[in-house]
Amino acid sequence: MMPDGLTTCLSGYGPTETMDRLATAVTAQGMSVLARIDHAAIYRPRQVARQIGRHLRPRLNGRGTVASACRRSPRNGYVE
């Protein structure tokens with residue numbers, strides 16, 4: 001169900017260019033873009049860490065493969 005007043009349309013551009021164009025249109029009207037959130041970043045944490053100059057150490061998950069997800073620790077909640 002669409003909320004009243006919400007307009008949607010398909011873009012002929014990729015996600016980054018679509019958001020760039022939207023931000024340009026919004027700022028041209030005197031408004032501000034407060035944040036741009038990359039929802040896909042959770043699927044590529046090492047790449048995102050490199051972009052901000054950080055390093056994630058390799059982790060092993062229960063199957064013996066490298067994983068970057070946090071694992072549960074009974075002592076203090078989550079361990080990176």
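Each reported figure results from applying straightforward, stated rules to the coordinates on display, with no laboratory input. From a predicted model like this one, the values you see are computed outputs, not experimental measurements. Backbone-built Cβ (ideal geometry, glycine too); neighbour counts: all protein chains shown.
Here the spin labels are modelled as points 7 Å beyond Cα on the Cα-Cβ line, and at R46 and M19 they lie 2.3 nm apart. Taken along the Cα-to-beta-carbon direction at a fixed 7 Å, the label points for L10 and M31 span 2.5 nm.
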